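Okay, so here's the structure we're looking at.
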């Protein structure tokens, strides 16, 4: 799923369909699937957009920066000349989000 307030072009979220507040509620077997999926998606993002790096972010609890109380993992491409720390959400158009999603899907093939 694409982040609708992305930190950078190609920012993707991994989240389970079932509700778990955070990492601590996530069943071990589901947690074991997250990192291999993140590796696959991050590779597709890297192939599609050639970022200088890719950051994985997963916050647990409000004090850690979690604002959506549903487990999710961010895959954030980092480009030369930009800093991606605490991000200000962007506001891409629906068309741009569709183009990004298409590029990532094609890179997965």
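Read-outs throughout are calculated quantities, based only on the coordinates presented, and are distinct from any laboratory measurement. Bear in mind that the values here come from a model prediction, so they are computed numbers and not experimental data. Glycine gets a Cβ as well: all are built from the backbone with ideal geometry, and neighbour counts include every protein chain shown.
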Going by alpha carbons, how many degrees (0 to 90, nearest 10) lie between the helix axis of 28-49 and the longest principal axis of the chain?
10
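Based only on other Cβ atoms within 10 Å, what is the fewest-to-most ordering of 12, 34, 68? Walk me through the numbers on the way to the answer.
Details: 12 22, 34 19, 68 10.
Listed from fewest to most nearby Cβ atoms, that is 68, 34, 12.
Please compute the length gained on full extension between residue 64 and residue 47, using 0.36 nm multiplied by the number of residues separating them and subtracting their Cα-Cα distance. If you can, show how the numbers build up before the last one.
Details: separation 17, 0.36 × 17 = 6.12 nm, distance 3.03 nm.
Taking residue 64 through residue 47 to full extension adds about 3.1 nm, to one decimal.
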Neighbour counts of other C-beta atoms within 10 Å: give me 3, 80 arranged from fewest to most.
80, 3
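Pop the C-beta distance of residue 33 and residue 106 into the FRET formula with R0 = 25 Å and round what comes out to the nearest 0.05. Write out the running numbers ahead of the final one.
On the way: r = 23 Å, r/R0 = 0.93.
Using R0 = 25 Å, I get an efficiency of 0.60.
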Test of understanding: ordering 93, 8 by Cβ neighbours within 10 Å, fewest first, what list do you get?
93, 8
With Cα coordinates, the longest principal axis of the chain makes an angle with the long axis of helix 94-108, in degrees rounded to 10, of 80
